[in-house]
Each structure stands twice: as structure tokens, then as C-alpha cells.
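See structure below.
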Amino acid sequence: MEHPLETNETERDYFLRASISSSERGAYRRALEATTGSLPSWAQRHPGGCPQTFDAAAAVALYRAGGLSLEYVGKRYGVSAQAIRYHVRKAAAAA
């Protein structure tokens, strides 16, 4: 059975609007789930955290070639600056 708000564009646009914070989205989800018993597909929870794998060689190459900060490269690849630093040092030791 389809969720009652699945095709409601007004609610979907509000939820997906970039200006609302993650805590506001969480509160919206909790209220929606409490009142309807489920969530529409556009409000489903997604697992968070860092990805389990990323292209470390490409991240190291970008860091070395571009003169970019560890923070920028980490954000671009979805990992911490410390993870990028680790892989830069690992690549230097292997060379």
C-alpha cells in the first residue's frame, strides 16, 4: 500500500528543501511515523557515516597535484582529513 503522502509534492518539497537542518528532518520523520505509522519513500532513513571504501589512490593524487587541503579532499571523498593524511603517508612510505 502506498503511503498517503507519497505523491504530495508540497510535503516532499518541504522535506527535501536544503534550508532545513538534519534535526528538523528527524523531527519531521518522527512526527510523520507516529501519526501515519510509516514514511514515504522520499523521507526514508539512509545509513550514515563514512563509506567503507573509497578511491584512496585518487584522493592522494588529488591532494598532491592540486595543493588542496586535507579537509577539502576528505570532504570531496566523504572521509575525514585524518583518513586522507593516513593514505598520503602510506603512499609516501611505499614509494
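Treat every Asp and Glu Cβ in the chain as -1 and every Lys and Arg Cβ as +1, leave all other atoms uncharged, and give the resulting dipole magnitude about the Cα centre to the nearest 20 debye.
700
For helix 22-36, what angle does its Cα long axis make with the longest principal axis of the chain, in degrees from 0 to 90 and rounded to 10?
Between helix and principal axis, roughly 30 degrees.
Which Cα, out of A27, V88, A43, lies furthest along the positive dipole direction of the chain (beta carbon charges, K/R +1, D/E -1)?
Of the candidates, V88 comes out farthest on the positive side.
Which trypsin sites (Lys or Arg not before Pro) in the chain sit in a loop by DSSP (not H, G, I, E or B) and have at most 13 other Cβ atoms within 10 Å of their own Cβ?
Passing both the DSSP loop test and the Cβ count: R17, R45.
For helix 56-66, what angle does its Cα long axis make with the longest principal axis of the chain, in degrees from 0 to 90 and rounded to 10?
Helix 56-66 sits roughly 70 degrees off the main axis of the chain.
Ignoring ligands, DNA and RNA, what percent of the 1.4 Å accessible area of the chain is carbon and sulfur?
53
Would you indicate which of (i) 41, 13, 11; (ii) 22, 15, 10; (iii) 30, 12, 10 is the value of semi-axes √(5λ) of the Cα gyration tensor in Å derived from the coordinates of this structure?
Of the labelled values, this structure produces (i).
Excluding ligands, DNA and RNA, what is the solvent-accessible area per residue of the chain at a probe of 1.4 Å, expressed in Å²?
71
Enter the angle in degrees (range 0 to 90, nearest 10) between the Cα long axis of helix 81-94 and the first principal axis of the Cα atoms of the chain, meaning the one along which they spread out most.
Result, in degrees: 30.
The values are calculated or read from the model by the stated rules, or taken from the named source; none is laboratory data. Every value quoted in this text rests on a predicted model; they were computed, and no experiment measured them. Reconstructed Cβ throughout: ideal geometry from the backbone, glycine too, with neighbour counts over all protein chains shown. To get the accessible areas, we keep the full protein, side chains included, count just its heavy atoms, and leave off ligands, DNA and RNA. Shrake-Rupley method; radii C 1.70, N 1.55, O 1.52, S 1.80 Å.
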